[in-house]
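See below for the structure under consideration.
Any read-out appearing in this document is the output of simple, stated calculations on the displayed coordinates, not a laboratory observation. Values in this document were obtained by computation on a predicted structure and should not be read as measured data. As a convention, Cβ positions derive from the backbone with ideal geometry for all residues, glycine included, and neighbour counts pool all protein chains shown.
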Amino acid sequence: MAESLSRLLAPYRSASIIGMCKNAGKTTVLNRIIRELAEDGGTLALTSIGRDGEATDLVTGTKKPGIYIPAGSLVATAADLLRLSDFTKEVVDTTPYYTPMGQVVLLRARSDGNVQLAGPSMTAQLAELNAAFFALGADKVLIDGAISRKTLCSRRVTEATVLCTGASYHRDLEVVLEDTRHVVRLLTLPEVGSAALRAAVEKMDNPRGALLAGENGVVPAAGSLDTILRGKAARGAAYLFLGGALTDNALRPVLMSNAPMKGLCLVVRDGSKLLLSADSLEKLTLRGASLRVLDSVNLVALTVNPFSAYGFSFDRRELKSRMAELVPVPVIDVEEEE
Amino acid sequence: MIELSFQQQENIGFRYVLDSLSPCSPYGAERVRALRPYAPAEREELRRQLLNLDRVVRGQSGCAAPLGKFQRVLMTMKDVRRIAERCREEALGEIELFELKRFLIQCAELLPLWNEIQAVLRLDCAPLRDTAAALDILDPEHNRVASFYVSESYSARLRALRKQKRELEERIRRAAGEEKEELQRRRLLVAADEEHEEGRVRAALSESLRPSLPAMLANMDLLGELDLTLEKAAMTARWGGCLPELTEDEAELVGMRNPVIADALGKRGKSFTPVSISLGRGATVLTGANMGGKSVAMKTTVLNLLLCQCGFFPVAERVRAPLFDGIYLISEDLESVDRGLSSFGGEIVRFNQVVEKLRGGFSLLLLDEFARGTNPDEGAAIVQAVTEYLDRQNAVTLLATHYDGVAEHGSAHYQVIGLRDLDLAQVRAELAAAGPEDGVELIARHMNYGIYRVEGPQNCPRDALNICRLLGLDGEILARIERAY
């Protein structure tokens, strides 16, 4: 890799690696980071959101590389996966978190070896696990993010995030480029500044409810997005916070109608709550509305994998250079030698 | 044996007391879940539990420091009972061995604290067993750190395999291409051998732990018992209570309180009027106007007898109580409505079931306003007959009723004090000052919810008439009522 991932991650104590799809090269990236960090010394800690690290991909049945960790590393994984991990294991602690593959336990590797990861999948649990890792002496925590849970890795969980994309996402290079750019945009939406709104969200009884905030203070709102925007309370409101997800379906009637949106800032908890197409996002911007999140993702790099697990590949230089034009973060080719 | 539905347990305030318990350890929580009244045949065990509770209540301030530390260790405990039970027959995995090791370390921390506590409290129970031998098996290097791995010190073969694996790993770090792949293949084979040898060692460890399992399981039992006893003591500290004296058949409860009602009254700035009652074999009749006093007395009595039989201190000043084979409460609750019967029909069905059960042993039976749903003439006749019948059964029965002529069919008669001691002139003056709208509240304030024992024949008190007078019922109507009395 032309630019070292470990150097990009050096300022942060924790990082998550997330993929646009299966076989985007996430494990390759993870192994690369582990190797680079191991050379620097220091104790690494690893876990995943949900399950990862299978020798064969459970979904697509393609062969996958395993995660190989150095002796001294800390690992949080599910009990049933211990027999599939071949490092010499020291059980350090158990956790109150359970996965379909058993209880999550904390281990110290007394040798190098392959590891199968399955960690908790809730933000609060991951944050607590991070704290446990640091208490055990970890210098850097790496979280292997799972497909379709991209933005559980907000800054509340990890300080930095690497997104992986590649040929496995789609046969058409243009689709890979466009969709990746869209995901990067959603992931890197700026955080909302209003302290009053943040305080009001903290106090909400219903985490899926909505709030309107403006000069007249913060008031709860109810009903469909369209109803809220046409209501009296929406007049003069600067922010509309949505506790649930903002979807294309909810937005469609609003975009087709003349509901006033100019100057309005729509706020969601984090990028995972935005199930929006690039088209909707475009129209929203045209109508004068903007999007913000409570917790943003600190995207420090985008990796590209020109080879698809399904047997085709893109021109690696074209993929990398065109991608770099579309996103505001460093783009790294996973298969390129250092 | 105790046939109180969840709803009845809630109604008498028993669930409220149970919900207030917050044991520190999973072993204590297990005991709370399994709480049940002791059978009369378990009298000695109940007495031991009560005396231990008494020692804690009176002595805990003398060993507060070690007790606090003891409870803090309890709070960190996980339930490893199933692991210990599995260990009897199977080889444990590394996580299970880790859990057992942590438990053994906790036992080692608890042992000196236990000795300090016992020097003060002198509880009558099995001692906390020393499990150091088992800990040494899982911690051969005496690190006393709560992490576990299959140490090389258990097996020379394991030591050799790990050395071999480590050397390969060193070479893999520097190798590339085909050489690296070949080394990785070799490493996988060694890792498989390592896993196999670890399995053999774990089986051997599990086997060598087996002789210590009875001591470990006994410690879990003891810790659960202690945890529960400490919680019972905390409950007594919260609401008061006394060491009950266990009798053969009569019950004497002095100055009883009911925590759930007392707390609710306390929140409204009111206080609970303590209830005292003596009950013997036979039927005791409790009468009084329909102003709530009877029900409260009844609930408070059954709650405290139940607490006593479950090994708690009753919330009272002084208690003598027997142990019952069965405790039954018949009250108008939602159960009968759920089953689609009328409330009266439901009571009769339930009463029949209970009568059948009374033959099974010495029982406590409480009937709250039995047959209240029927017309007064029939109702009185039914309750009189039921009282006469129950008075001759092997049971302590308490019946609350507002029907006349029931008391003489039972062995004893209690009455809600109600407005008995009321200074009518003074209340009238207060009423005049307050205005008629506040009259109801004013009367409620003067109502005495305590009960007293009635000697000789006496019918239900005429509080209803007094209430009519106080609230200024139309003079002509009042005159007619007085004539009818």
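Does segment B:44-164 come out rounded, prolate or oblate, given a ≥ b ≥ c as the square roots of the eigenvalues of its C-alpha gyration tensor, rounded meaning a/c under 1.5 and, failing that, prolate meaning a/b above b/c?
Values: a/c = 3.32, a/b = 2.33, b/c = 1.43.
It comes out prolate by the Cα gyration axes.
Full extension of the segment from B:ASN394 to B:ASN115, taken as 0.36 nm per residue of separation minus the current Cα-Cα distance, would add 95.8 nm.
Per residue, the convex hull around the alpha carbon atoms of the protein assembly as shown comes to 242 Å³.
Quick one: net charge of A:ASP112's neighbours, Cβ under 12 Å, K/R +1, D/E -1? List each step's numbers first, then the result.
Details: positive: A:ARG35, A:ARG110, B:ARG162, B:LYS165, B:ARG166, B:ARG171, B:ARG173, B:ARG187; negative: A:ASP86, B:GLU167, B:GLU169, B:GLU170.
My count for the surroundings of A:ASP112 gives +4.
Size descriptors for chain A (Cα atoms only): Rg and Dmax, in that order, 21.3, 65 Å. A cut-off of 5 Å between modelled amide H atoms, ignoring neighbours fewer than 5 places along the same chain, links A:CYS164 with A:ILE18, A:GLY19, A:MET20, A:THR303.
Once the gyration tensor of the Cα atoms in segment A:195-293 is diagonalised, the equivalent ellipsoid follows with semi-axes of 20, 15, 12 Å, ordered largest first. 3J(HN,Hα) along segment A:160-177: 9, 9, 10, 9, 10, 9, x, 5, 5, 5, 7, 5, 8, 4, 4, 5, 4, 5 Hz, from the Karplus curve 6.51 cos²θ - 1.76 cosθ + 1.60 with θ = phi - 60°, whole Hz, x for Gly and Pro. When chain A is treated as a GNM with alpha-carbon contacts under 10 Å, the residue of A:ALA195, A:ALA222, A:ALA167 showing the greatest mean-square fluctuation is A:ALA195.
The mean of 1/r over all pairs of different alpha-carbon atoms in segment B:240-484, once inverted, gives a Kirkwood hydrodynamic radius of 19.3 Å.
What size of dipole, in debye to the nearest 20, comes out for segment B:38-234 about its Cα centre when the only charges are +1 on Lys and Arg C-beta atoms and -1 on Asp and Glu C-beta atoms? Write out the running numbers ahead of the final one.
On the way: 34 positive and 36 negative charges, 72 e Å.
Dipole of segment B:38-234, to the nearest 20 debye: 340 debye.
Entry note, chain A: relative contact order of 21 percent, from Cα contacts under 8 Å with a spacing of 6+ residues. Distant-in-sequence amide contacts of B:SER276, defined by a placed amide H-H separation under 5 Å and a gap of 5 or more residues or a different chain, comprise B:GLY255, B:MET256, B:ILE451.
Dipole magnitude for chain A: computed about the Cα centre from +1 point charges on Lys and Arg Cβ and -1 point charges on Asp and Glu Cβ, it is near 1120 debye. Just want to confirm a number: the relative contact order over segment A:202-338, from Cα pairs under 8 angstrom separated by 6+ residues, in percent. Normalised by residue count, the contact order of segment A:202-338 is 17 percent. Taking a ≥ b ≥ c as the square roots of the Cα gyration tensor eigenvalues, with a/c under 1.5 meaning rounded and otherwise prolate when a/b beats b/c, else oblate, which class fits chain B? Prolate is the answer for chain B, as a/c is 1.5 or above and a/b outweighs b/c. Projecting the Cα atoms of A:ASN298, B:SER20, B:ILE327 onto the dipole axis of the protein assembly as shown, where Lys and Arg carry +1 and Asp and Glu carry -1 at the beta carbon, places A:ASN298 farthest toward the positive end.
Database remark: amide H of A:SER48 closer than 5 angstrom to the amide H of A:ALA118, A:GLY119, A:ASP144 (H placed geometrically; neighbours at sequence offset of 5 or more, or on other chains; Pro and chain starts carry no H). Angle between the Cα long axis of helix A:26-39 and the longest principal axis of chain A, 0 to 90 degrees, nearest 10? Helix A:26-39 sits at roughly 60 degrees to that axis.
Take peptides A:73-82, B:199-208, B:136-145 and line them up by average Cβ neighbours within 10 Å, highest first, as a rough protection proxy. Mind dumping the intermediate values first?
Numbers: A:73-82: 23.1, B:199-208: 16.1, B:136-145: 13.3.
Ranked by mean Cβ neighbours within 10 Å, highest first: A:73-82, B:199-208, B:136-145.
For the protein assembly as shown, a simple Cβ point-charge model (Lys and Arg +1, Asp and Glu -1, everything else neutral) yields a dipole of about 1580 debye relative to the Cα centre.
If the cut-off is 16 Å between C-alpha atoms, which aspartates and glutamates fall inside it for B:LYS180, apart from same-chain ones fewer than 8 positions away? List returned: A:ASP112, B:GLU167, B:GLU169, B:GLU170. In percent, rounded to a whole number, the relative contact order of segment A:162-240 is 20, using alpha-carbon pairs under 8 Å and six or more apart. Shielding of peptide A:74-87 by partners, expressed as the average count of other chain Cβ atoms within 10 Å per residue Cβ, is 2. With contributions of -39500 (n - 2.57) from each DSSP H run of at least four residues, the per-residue ellipticity at 222 nm computed over the protein assembly as shown stands at -13500 deg cm²/dmol. Placing dummy labels 7 Å off each Cα toward the beta-carbon, the span from B:ALA132 to B:ALA464 is 7.6 nm. Quick one: grab the alpha carbon gyration tensor of segment A:274-338, order the square roots of its eigenvalues as a ≥ b ≥ c, and give me rounded if a/c is under 1.5, else prolate or oblate depending on whether a/b is larger than b/c. Cα axes put segment A:274-338 in the prolate bin.
How do the peptides A:268-277, A:129-138 rank, highest first, by the average count of neighbouring beta carbon atoms within 10 Å per residue?
Details: A:268-277: 20.8, A:129-138: 17.1.
My ranking of the peptides, most packed first, is A:268-277, A:129-138.
Sites listed here are chymotrypsin sites (Phe, Trp or Tyr not before Pro) in segment B:71-177 whose DSSP assignment is loop and whose Cβ has at most 15 other Cβ atoms within 10 Å, and the list is empty.
Find, among the GluC sites (Glu not before Pro) in segment B:237-277, those assigned to loop by DSSP (not H, G, I, E, B) with at most 16 other beta-carbon atoms within 10 angstrom. Display every interim value, and only then the final one.
Working: sites: B:GLU245, B:GLU248, B:GLU250, B:GLU252; in loops: B:GLU248, B:GLU250.
The qualifying sites are B:GLU248, B:GLU250.
In order along segment B:312-319, the Karplus-derived 3J(HN,Hα) couplings, from 6.51 cos²θ - 1.76 cosθ + 1.60 at θ = phi - 60°, round to 9, 6, x, 7, 7, 7, 8, 9 Hz, and Gly and Pro are given as x. Computed over chain A with a Gaussian network model linking Cα atoms closer than 10 Å, the most mobile of A:ALA160, A:ALA38, A:ALA196 is A:ALA196.
Over the residues of segment B:1-60, compute the C-alpha Rg and express it relative to 2.2 N^0.38 Å. Mind showing how you got there, number by number?
Working: Rg = 13.4 Å, N = 60, 2.2 N^0.38 = 10.4 Å.
Rounded to two decimals, the normalised Rg is 1.29.
Could you point to the residue in A:ALA245, A:LEU286, A:VAL218 farthest towards the positive end of segment A:195-293's charge dipole, with +1 and -1 charges on the Cβ of Lys/Arg and Asp/Glu respectively? Selected residue: A:VAL218.
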